[in-house]
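The values are calculated or read from the model by the stated rules, or taken from the named source; none is laboratory data. Quick caveat, the model's predicted, so the values are computed rather than measured. FYI the Cβ positions are ideal-geometry reconstructions off the backbone, even for glycines, and counts take in every protein chain you see. With ligands, DNA and RNA removed, areas are computed over all heavy atoms of the protein, side chains included. Shrake-Rupley method; radii C 1.70, N 1.55, O 1.52, S 1.80 Å.
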Amino acid sequence: DVQLVESGGGSVQAGGSLRLSCAASGYTVSRLCMGWFRQAPGKEREFVARISVVGTTDTADSVKGRFTISRGNADNTLYLQMNSLKPDDSAMYYCAVRLSSVCYNRAETFEYWGQGTQVTVS
């Protein structure tokens, strides 16, 4: 019954920034493990970042220092701030939820997914 809607994607030049949002309904983000994944054409779905119920975060090595995941409890929204974007960051970005206090960095452990938002970096 959890619904996720991503927004904030777009086309930017290398070095630019975007902030992705994931609006959650049917649950409260403070009760969820939530993550961001991305998938480029011909590539496997890749872990980007996640945040646990208690606020512990983890990010993939490829985006460390550039991407920041956060949770807005007041508006029940997950965010991904992306800075210093590179062409290799181009992908469809997906918000995902795991209904557990235990959080992992594997796509197969997440149960609900949004439709994705496209990020293109030139």
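Take region 1-45 and flag every residue that is at pLDDT below 95 and either under 16 Å from R66 (Cα atoms) or among the aromatic types (F, W, Y) (or both). Scanning region 1-45 gives a single hit, Y27.
Contact annotation: residue pairs with Cβ atoms under 8 Å, 6 or more positions apart or on different chains, pairing a residue in region 92-104 that is within 15 Å of D1 (Cβ to Cβ) with a partner that is aliphatic (A, V, I, L, M) and buried (at least 20 other Cβ atoms within 10 Å of the Cβ), are V97/L4; V97/A24; V97/L32; V97/M34; R98/L32; R98/M34; L99/L32. The test for being assigned to a loop (DSSP other than H, G, I, E, B), among the hydroxyl-bearing types (S, T, Y) and open to solvent by 30 Å² or more (accessible area, probe 1.4 Å) holds for Y27. Scanning region 49-75 for residues that are modelled with pLDDT of 95 or more and touching a Leu at 6+ places or on another chain (Cβ under 7 Å) gives A49, F67, I69. Within region 46-65, which residues are within 20 Å of L99 (Cα to Cα) and not acidic (D, E)? Listed by number, the residues that qualify are F47, V48, A49, R50, I51, S52, V53, V54, G55, T56, T57, T59.
Residues are listed down the side, and each one gets a yes or a no for (1) at positive phi; (2) assigned to a strand (DSSP E or B); (3) open to solvent by less than 30 Å² (accessible area, probe 1.4 Å); (4) touching a residue at least 60 places away in the same chain (Cβ under 8 Å):
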site	(1), (2), (3), (4)
V5	no, yes, no, yes
G15	yes, no, no, yes
F37	no, yes, yes, yes
K43	no, no, no, no
V48	no, yes, yes, no
V53	no, no, no, no
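In the condition set (1) open to solvent by less than 60 Å² (accessible area, probe 1.4 Å); (2) under 12 Å from the mean Cα position of the chain (by Cα); (3) within 20 Å of V2 (Cα to Cα), A60 is compliant with all but (3).
Consider region 76-122 and keep the residues that are open to solvent by 30 Å² or more (accessible area, probe 1.4 Å) and among the β-branched types (V, I, T). The one that is modelled with the lowest pLDDT is V102.
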